[in-house]
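Here the structure is laid out as structure tokens; the discussion comes afterwards.
The values are calculated or read from the model by the stated rules, or taken from the named source; none is laboratory data. Keep in mind the model is a prediction, meaning the values are calculated, not measured. Cβ sites come from the backbone with ideal geometry, for glycine too, and all protein chains shown count toward neighbours. In case anyone asks, the SASA skips ligands and DNA or RNA and just uses the protein heavy atoms, side chains included. Shrake-Rupley method; radii C 1.70, N 1.55, O 1.52, S 1.80 Å.
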Amino acid sequence: MKLKKWQELEIGCVIPQGGTSMEFKTGDWRSERPIWHKDKCVQCLICWIYCPDSAIKIEDGKVVGIDYEFCKGCGICAYECPPKASAITMEREVK
């Protein structure tokens, strides 16, 4: 199945069927990107719980990175990351 880009989506917020979020790589509309700092991460998984796009990659119960194909750059992961860890920071997207 060929995935559609955001520019090919229906105009007017039409959702033709449920469960379509995995069909569209929506990361290309982001203006900021989260940067995960592995050395600072305490593996609390709060970022994974709060991410509305399921863009936090988990393997064996641990954060291993961020899926930038689906991350929209909302910054919730960085905001929810414990201040003592500050394992996720936001940076301007450079294209």
For LYS2, the lysines lying under 23 Å Cα to Cα, once residues fewer than eight places off in the same chain are dropped, come out as LYS25, LYS57, LYS72
How charged is the neighbourhood of CYS74? Take every other residue with its Cβ under 13 Å from the Cβ of CYS74, and add Lys/Arg as +1 and Asp/Glu as -1. -1
Give me the lysines in straight-line cross-link reach of LYS62: C-alpha distance below 18 Å, same-chain residues under 8 apart excluded. LYS38, LYS40
Give the accessible surface of the chain per residue, rounded to a whole number of Å², with probe radius 1.4 Å and ligands, DNA and RNA excluded. 72
Taking the Cα atoms of the chain, report the difference between the largest and smallest coordinate on each principal axis, in whole Å and largest first. 42, 30, 20
Based on the Cα atoms of the range 23-64, what semi-axes does the equivalent ellipsoid have, where each is the square root of 5 times one gyration tensor eigenvalue, given in whole Å with the largest first? 20, 13, 9
Computed magnitude of the charge dipole of the chain (debye, nearest 20; Cβ of K, R +1, Cβ of D, E -1): 180
